[in-house]
1. Hey, got a sec? Which GluC sites (Glu not before Pro) in the stretch 221-277 land in a DSSP loop and have at most 12 other Cβ atoms within 10 Å?
2. Rank these for me by crowding, S168, S11, going from fewest to most other beta carbons within 10 Å.
3. Where in the stretch 217-232 is the amide nitrogen less than 11 Å from a point lying 7 Å along the Cα-to-Cβ axis of E261?
4. Can you return the lysines within cross-link range of K24? Criterion is Cα-Cα under 21 Å, with same-chain partners fewer than 8 residues away left out.
5. Run lengths n ≥ 4 of DSSP H only: what is the helix-derived mean residue ellipticity at 222 nm for the chain, with -39500 (n - 2.57) per run over all residues, to the nearest 500?
6. Would you grab the residues whose amide H sits under 5 Å from the one on V164? Only those 5+ places off in sequence or on another chain, please, with H modelled 1.01 Å from N.
7. Can you work out the Karplus-derived ³J(HN,Hα) for every residue in the stretch 32-37? Use 6.51 cos²θ - 1.76 cosθ + 1.60 with θ = phi - 60°, whole Hz, and x for glycine or proline.
8. When the Karplus curve 6.51 cos²θ - 1.76 cosθ + 1.60 is applied with θ = phi - 60°, which whole-Hz ³J(HN,Hα) does each residue of the stretch 181-192 get, with x for Gly and Pro?
Amino acid sequence: MAVLLDNVTYSYNINDTHRVDAVKNLSLHIEEGTFVALVGHNGSGKSTLAKLLNGLLLPTAGTVKIFGNSTLDGEKIFDIRKDVGMVFQNPDNQMIASIVEDDIAFGPENLGIERKEIIRRVEWALDKVGMLEYRKRTPFKMSGGQKQRLAIAGVLAIMPKILVLDESTAMLDPQGRSEVLKVAHELNKQERITVIHITHFMEEALDADRLIVLNDGKIAFDGAPKEVFAHYEELKKIKLAVPWETQLAISLQKAGMDLGEGIVKEEDLVDKLCQLL
Ligand code: ADP
Ligand code: MG
């Protein structure tokens, strides 16, 4: 099992008398090779959960295991950090070197990997995110989408088995968002990397294998996106809206149009409407 959380609670201590339970008694399994979208409104516990996965935070109660290794096991934490690659929200905070290839080499250099292998990994990682031709350039003037793809390449050079994107598309324009999402899906399909894509854009969950909705530190929904979207009334109550195409399909269905069950994607809706009209 790629990820196993058993009854995990995480509390931030604010002061001697006050604490915030950000993750509450949460149990979760994620199988290797799954593309998971993790959504939830602000403060629902998404980033806390992400940091629990690579041992940046240790559970207050319960256990977090990555490929069988507990984050509480001091001897395994190095393996866990290698297995779980994290990309964050702000593309500008993730660049270190002024030349792209030096930046990507930084992770494997820190692991003491030999020169030849570093060069191979840098090329491979840049190729995977479609940025190989930029290897000698400086990242600072690039678009947000390009910078985030470089941040992903930097993590890939460490050869993680799990890639966690914590709102990595949040600061990007639509073009940048779709570039990053496409790369994440390709890595999942071609390299079988387990992807946990944290986002507040519900439409970015449409192509996920599994959609997990967090609310108040707990799992509110967990299933295939179309199963979860069927609960659109309850989702609204926890401040989440289903994607517009899903909502439109639901509204047309309600208005008496026989679209059949489970239309969540724009292309499926268009096909169905063309058949009907
Ligand atoms: P999300 O990523 O879904 O917005 P977070 O995991 O960042 O949620 O936050 C979950 C809860 O934990 C929120 O109530 C938040 O205020 C609280 N929290 C997050 N980080 C800290 C921190 N460093 N110290 C205290 N409370 C925190
Ligand atoms: Mg967050």
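Every number in this text was worked out from the coordinates using simple rules, so none of it is lab data. What you see is a predicted model, and the numbers here were worked out from it, not measured in a lab. For neighbour counting, all protein chains shown are included, and Cβ atoms are generated from backbone atoms with ideal geometry for every residue, glycine included.
1. Here the GluC sites (Glu not before Pro) that fit, given the DSSP loop and packing criteria, are E261.
2. Working: S168 29, S11 16.
The order, fewest Cβ neighbours first, is S11, S168.
3. Within reach of a label on E261, which here means backbone N under 11 Å from a point 7 Å along Cα→Cβ, the stretch 217-232 contributes 227.
4. The reachable lysines, counting only those whose Cα sits under 21 Å from K24, are K46, K51, K65, K218, K237, K239.
5. Numbers: 10 runs with 103 residues, N = 277.
Calculated mean residue ellipticity at 222 nm is -11000 deg cm²/dmol.
6. Placed amide hydrogens put G85, M86, V87, I196 under 5 Å from V164.
7. Listing the rounded values in order: 4, x, 7, 9, 9, 9 Hz.
8. Couplings: 5, 4, 4, 4, 5, 5, 4, 5, 6, 7, 9, 6 Hz.
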